[in-house]
Amino acid sequence: MSVIDTRPDVPTQSEDEVEAAIQKVADGESVVRLKQRQPRPRAANGRFIRVAEEEADPAPGELPSGRFLDREMSWLQFNERVLQLASDDSVPLLEQARFLAIFASNLDEFFMVRVAGLKRRIATGIAVRAASGLEPREVLDEISQSAHELMNVHARVFQNHIRPALEEEGIRIVRADQLTGEDRAFLDTFFRESVYPVLTPLAVDPAHPFPYISGLSLNLAVLLVNPKTGREHFARVKVPPSLPRLVTLPAPPDADELYDHRFVPLEDIIAEHLQHLFPGMDVREHFSFRVTRNEDLEVEEDDAENILTALEKELTRRRFGPPVRLEVADTIDPHVLDMLRQELRVRPDEVYALPEPLDLTGLNIVADLDRSEMRWPAYASRTHPDLAPVERAGRANILEAMRERDILLHHPYDSFSTSFVSFIEQAAEDPNVLAIKQTLYRTSGDSPIIDALIDAAEAGKQVLAVVEIKARFDEENNITWARKLERAGVHVVYGMVGLKTHAKLCLVVREEDGKMRRYGHVGTGNYNPKTARLYEDFGLLTTDPEVGEDLTRLFNQLSGMAPRSKFKRLLVAPRTVRTGLLEQVERAANAARNGKEVRIAVKANSLVDEQTIDALYRASQAGAKVDVWVRGICSLKPGVPDLSENIRVRSVLGRYLEHSRLFLFEVEGKDTVCYMGSADLMHRNLDRRVEALVRLTDPRHVRSMTELMDLGMSDETSSWHLESDGSWARHHLGKDGEPLKDAQAELIAVHSKRGRKARRP
């Protein structure tokens, strides 16, 4: 039997093909298809030029066509690397389950935003050929082919590998129809008391039109038969998202409560009790399905008098975006599938038939189990040595420590709570602090940072919060606490029209001896105490007057009218991040042409911007060594003779999400320029966002950044290597078969040792 029922135009795979793909993923090989076409050259008037079948060599000084990898396929390769970690038995078992959930969540967002955006642009006729040379329809076809394969592998890794391994450890996901006795009685009670009251079964007949199916909701398609008439009917039951996705069964009397865990999928419990929802009808069959909709937002800011009101209206419309993917149980009746497709207006290639259970984001519940032997070794973030209290029982004075020196933080190895959170709390309490200004892109709803800003405002301080209410999928949350801040007297502004404010900045103004001193923080991560424990990021605490002046000007630009502000230690998008970095690349390239030893090192989440990539190509051609450490998308091709043979690209994935951005330009091992900040090398970051990079001037900080890049790029460090053909190869074993160094484990060891040497009384 094939994994997907054979129907015209629906991608199918045999069991052997899926198992072969699983083995490739486990071995660190890619199953994502890569396809590129040479971009057609254009004349000065913009029209395409007819060319011969053979592509002509580029003219001297020109870069060859076909030099960019497709960004969408590169993203799928990134998510495939996540899947490889889920298939890696050297990764603790519950962390493997977590990676399966992360893969599913990542792919949900990819379809909601990237696939939906491609479809919308095609439908409106504004889609253009990608830099990779592919037409939008070709990109969608490649996405469909690769996504079908990856989703099948994902489901089978869970069914054939992770699920059995969990069962060996006493963690079982059981089917409701397999339970008897006390377990059955528990499910009956749970359904009657907790599930039944919130269910709304919806029938489909001439009096009841096909119901609206909300995005990412899990549903049951139910086939019913009226015993009196023999007629068949269809109904839909939505699985309530307010209840746990996996319901925990009570431990049996003879079980070890610490080590025995049993879960039942919520949809199974509902399916076992469908007769209670449709009394008098015969329940013939039921199948689970799930719809993904276009949930990208389009807010016409130029035409909106009030951006907050416009966004709230758009959030309402988001729920009714057109479907872009239909996931169904692979046992679904063909007639039911045909009806779902027709009613939802989904094409055959947008159908993904998978073994149940669908929606493996629910595995986060399993991954959260308190089973330390199946998780990463525990690590508690350390207080940075420069912020360690002089007395063991005391609390460090953050402002005093900042006056002594600039402090470079590396989270989560350095504690976010005892650094930035303490900084903002102490500033809110300090009677000599007159003003606090901060950008907020994403933060938790119960954040101590929000509380500190409110406390500061209520204490009479001038408090400004630049809230980005257009932060994708955090819009409603951001609107809620933006209004909470406003009610407390905080001055809340929503950035600049047409731009998202993505910069991570904070400015504290304090009166000292009749003068004003400015305390600043520039970071790479969101001011979110929860994700700060999982995201790898940098932060700079400084009282440098130039940075303070730059931050003052930038906040004035965000809250008022100062479009032509000039900055000293900051590069600020959309005006100077790209140009500033390109200047440094060209400076390094010129030094390489003059025979000097040059290194350019970039650490980013994504590298897509064609201008930047071309500059790196030219630097490579000039003889500069270029190292790129990228977590996700990379459109650059390394190792191509006469183009990028001096460029290496690595990717590191592990227990923490690599999130920091770093740019190093080194000449002769000493003349080093180093920037860090919020900007990725993507069009949206460089052209459509307010981003900020700060230049590091303390030699200690520059040295630590250089050492970090050396660690990530080392052949002795476990990582993925991007090859010249666009494929990624995993390098995690040495020649002797022993595991290579884990970069994040190395950093944990370094910071643990440093923490023990922190200042003592």
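Mind pulling the angle between the C-alpha long axis of helix 15-26 and the longest principal axis of the chain? Nearest 10 degrees, somewhere in 0 to 90.
Tilt relative to the chain: about 20 degrees.
Counting other Cβ atoms within 10 Å of each Cβ, which GluC sites (Glu not before Pro) in the range 643-751 have at most 16 and sit in a DSSP loop? Working shown, then result.
Numbers: sites: 645, 658, 666, 668, 691, 707, 716, 723, 746; in loops: 645, 668, 716, 723.
Answer by residue number: 645, 668, 716, 723.
Any chance you could give the angle, 0 to 90 degrees and rounded to 10, that helix 610-622 forms with the longest Cα principal axis of the chain?
60
For the range 215-225, in order, what is each residue's ³J(HN,Hα) by Karplus, 6.51 cos²θ - 1.76 cosθ + 1.60 with θ = phi - 60°, in whole Hz (x at glycine and Pro)?
x, 6, 6, 8, 9, 10, 8, 10, 9, 10, 10
Quote to one decimal, in nm, the extra length available between residue 214 and residue 198 on full extension: 0.36 nm per residue of separation minus the C-alpha distance between them.
Details: separation 16, 0.36 × 16 = 5.76 nm, distance 1.60 nm.
Gain in length upon complete extension: 4.2 nm.
Per residue and in cubic angstrom, what volume does the convex hull of the Cα atoms of the range 319-387 have? Write down the numbers at each step before the final one.
Working: hull volume 13.5 nm³, N = 69.
Per residue, the Cα convex hull of the range 319-387 comes to 196 Å³.
For the chain, what is the per residue volume of the convex hull drawn over the alpha-carbon atoms, in cubic angstrom?
For the chain, the hull spanned by Cα atoms encloses 209 Å³ per residue.
Extension gain residue 403-residue 579, at 0.36 nm per residue separation less the Cα-Cα distance, in nm? Spell out each step's value before the answer.
Numbers: separation 176, 0.36 × 176 = 63.36 nm, distance 3.21 nm.
Extra length from residue 403 to residue 579 when fully extended: 60.1 nm.
When a footprinting reagent is the concern and you count Cβ atoms within 10 Å, what order do 289, 103 take, fewest first?
On the way: 289 23, 103 27.
Starting with the residue having the fewest Cβ neighbours, the order is 289, 103.
Given a Förster distance of 22 angstrom, what is the FRET efficiency for residue 565 paired with residue 497, based on the Cβ-Cβ distance and rounded to 0.05? Walk me through the numbers on the way to the answer.
On the way: r = 17 Å, r/R0 = 0.77.
Using R0 = 22 Å, I get an efficiency of 0.85.
Report the Stokes-Einstein translational diffusion coefficient (µm² s⁻¹, integer) for the range 83-227, Rh taken as the Kirkwood radius over Cα pairs, at 37 °C with viscosity 0.692 mPa s.
On the way: Rh = 19.7 Å.
The calculation lands on 166 µm²/s.
Just want the ordering: 158, 186, from fewest to most Cβ atoms lying within 10 Å of their own Cβ.
186, 158
Find the Cα radius of gyration of the range 385-566, compare it with 2.2 N^0.38 Å by division, and give the number to two decimals. Numbers along the way, then the final one.
Details: Rg = 15.5 Å, N = 182, 2.2 N^0.38 = 15.9 Å.
My calculation over the Cα atoms of the range 385-566 gives 0.98.
Using +1 at the Cβ of each Lys and Arg and -1 at the Cβ of each Asp and Glu in the range 102-255, identify which of 147, 111, 171 lies farthest towards the dipole's positive end.
Of 147, 111, 171, it is 111.
Pop out the ³J(HN,Hα) list for the range 159-166 in order, Karplus 6.51 cos²θ - 1.76 cosθ + 1.60 with θ = phi - 60°, rounded to Hz; leave Gly and Pro as x.
Computed from phi, the couplings for the range 159-166 are 5, 9, 10, 6, 4, x, 5, 5 Hz.
Just to verify a number: FRET efficiency for residue 657 and residue 746, C-beta to C-beta distance, R0 = 22 Å, to 0.05? Mind showing how you got there, number by number?
Working: r = 17 Å, r/R0 = 0.78.
Taking R0 as 22 Å, the efficiency between residue 657 and residue 746 is 0.80.
Considering the alpha-carbon set of the range 114-162 alone, what are its Rg and its Dmax in angstrom?
In Å, with Rg to one decimal and Dmax whole: 14.5, 45.
Over 24 Å between Cα atoms, which of 461/504; 500/637; 500/566; 24/735; 437/515; 119/238 qualify? It would help to have the intermediate numbers written out before the result.
Numbers: 461/504 21 Å; 500/637 30 Å; 500/566 20 Å; 24/735 20 Å; 437/515 18 Å; 119/238 27 Å.
With Cα atoms farther than 24 Å apart: 500/637; 119/238.
Where does the Debye-calculated log10 I(q)/I(0) of the range 572-756 sit at q = 0.20 Å⁻¹, using only Cα point scatterers of equal weight, no solvent?
For the requested q values the scattering log ratios are -1.53.
In the range 683-720, what trypsin sites (Lys or Arg not before Pro) fall in a loop by DSSP, with at most 16 other Cβ atoms inside 10 Å? Show your work: numbers first, answer last.
Numbers: sites: 684, 688, 689, 695, 700, 703; in loops: 688.
The qualifying sites are 688.
Summing +1 for each Lys or Arg and -1 for each Asp or Glu, what net charge is found among the other residues whose Cβ lies under 14 Å from the Cβ of residue 565?
Numbers: positive: 553, 564, 566, 568, 569, 575; negative: 546, 549, 550.
For residues surrounding residue 565, the net value is +3.
Reachable lysines from residue 596, Cα under 23 Å, same-chain residues fewer than 8 places away excluded?
Of all the lysines, those that pass the test against residue 596 - Cα under 23 Å, at least 8 places apart if same chain - are 625, 670.
Please report, in debye to the nearest 20, how large the charge dipole of the chain is about its Cα centre when each Lys and Arg carries +1 at its beta carbon and each Asp and Glu carries -1 there.
Numbers: 101 positive and 121 negative charges, 556 e Å.
Dipole of the chain, to the nearest 20 debye: 2660 debye.
With axes computed from alpha carbons, what is the tilt in degrees of helix 448-458 against the longest principal axis of the chain, rounded to the nearest 10 within 0 to 90?
Value to nearest ten degrees: 60.
Every read-out reported here was derived from the displayed coordinates using simple, explicitly stated rules and does not represent laboratory data. Small disclaimer: the values here were computed from a predicted structure and weren't measured. Counting neighbours? That spans all protein chains shown, and the Cβs are built from the backbone with ideal geometry, glycine included.
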